[in-house]
1. Taking every alpha carbon pair in segment 129-186, what does the distance histogram look like in 5 angstrom bins from 0, in percent?
2. Evaluate the charge dipole of the chain about its Cα centre and quote only its size in Debye, nearest 20, assuming +1 on the Cβ of each Lys and Arg and -1 on the Cβ of each Asp and Glu.
3. Report, in deg cm²/dmol and to the nearest 500, the calculated mean residue ellipticity at 222 nm for the chain, where each DSSP H run with n ≥ 4 adds -39500 (n - 2.57) and the sum is divided by the residue count.
4. Among LEU183, THR154, PHE166, flag the residue with its Cα farthest along the positive direction of the charge dipole of segment 129-186, charges on Cβ as +1 for Lys/Arg and -1 for Asp/Glu.
5. If you roll a 1.4 angstrom probe over the protein chains with everything in place, what fraction of the accessible area of segment 67-125 belongs to carbon and sulfur, to the nearest %?
6. Of the heavy-atom accessible surface of segment 5-64 (probe 1.4 angstrom), what whole percent is carbon and sulfur?
7. Enumerate the lysines that LYS172 could reach by cross-link, defined here as Cα to Cα under 19 Å, with residues fewer than 8 away along the same chain left out.
8. Over the Cα atoms of segment 67-125, what radius of gyration and what Dmax do you get, in Å?
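The values are calculated or read from the model by the stated rules, or taken from the named source; none is laboratory data. Remember, predicted model here, so these are calculated numbers, not experimental data. All Cβ positions, glycine included, derive from the backbone under ideal geometry; neighbour counts span all protein chains shown. Heavy atoms of the whole protein, side chains included, go into the accessibility calculation; ligands, DNA and RNA do not. Shrake-Rupley method; radii C 1.70, N 1.55, O 1.52, S 1.80 Å.
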Amino acid sequence: MAQTTNDIKNGSILNLDGQLWQVIKFQHVKPGKGPAFVRTTIKNVLSGKIVDKTFNAGMKMEFETVDNRTLQYSYDDGDNYVFMDMTTYDQVMIPKTLVGDQSKYLLEGTDCLVSFHDGQPLSVELPASVVLTVTHTEPGLQGNRSNAGTKPATVETGAEIQVPLFIGEGEKVKINTEDGSYLGREN
């Protein structure tokens, strides 16, 4: 279905030269002189490459439909992660490369948003934060410092994060899945 650059929104999937690109940011620009245009930052869905691209306003484009489904992570199968569709109970194999570095925050039973195009998985999005148990950390020693200190801690998935000195082994902590930062203690 052919649409124009006026229909671009954040998250839109464009088919450019047979490759799928997701719009991260866009801006319609109407300069005082010359024709209007659309400035975009787009990400290649398969390779993850991010580029800036400018289109003339009103230019015809090919948009693709993407099916977003919530799937629950089940287990690691070696080359793939196995997710379960909780409505149909189908198991879906997702290549480890699609999950990437976020896998260190992936715990069994975690619900993730998976995008599909023509039955092929395109991307896996973890929740914004996860709660994990600290499995190993050194005891925090208060010294003569002017600011609050942090120490390394290993969580149940094997990821190493920085936590405040008062966090001990066995405690549950909330972690930002974007950058791995400590968000707080969980009860």
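1. Reading the bins upward from 0: 4, 21, 34, 22, 11, 6, 1.
2. Values: 17 positive and 24 negative charges, 249 e Å.
The calculation lands at about 1200 debye.
3. Values: 1 runs with 4 residues, N = 187.
Roughly -500 deg cm²/dmol at 222 nm, from the helical runs in the chain.
4. Farthest along the dipole direction, towards plus: PHE166.
5. Values: 1420 of 3320 Å².
Its accessible area is 43 percent carbon and sulfur atoms.
6. Values: 1870 of 3870 Å².
Carbon and sulfur together cover 48 percent of it.
7. LYS104, LYS151
8. When restricted to the Cα atoms of segment 67-125, Rg and Dmax are 10.2, 28 Å.
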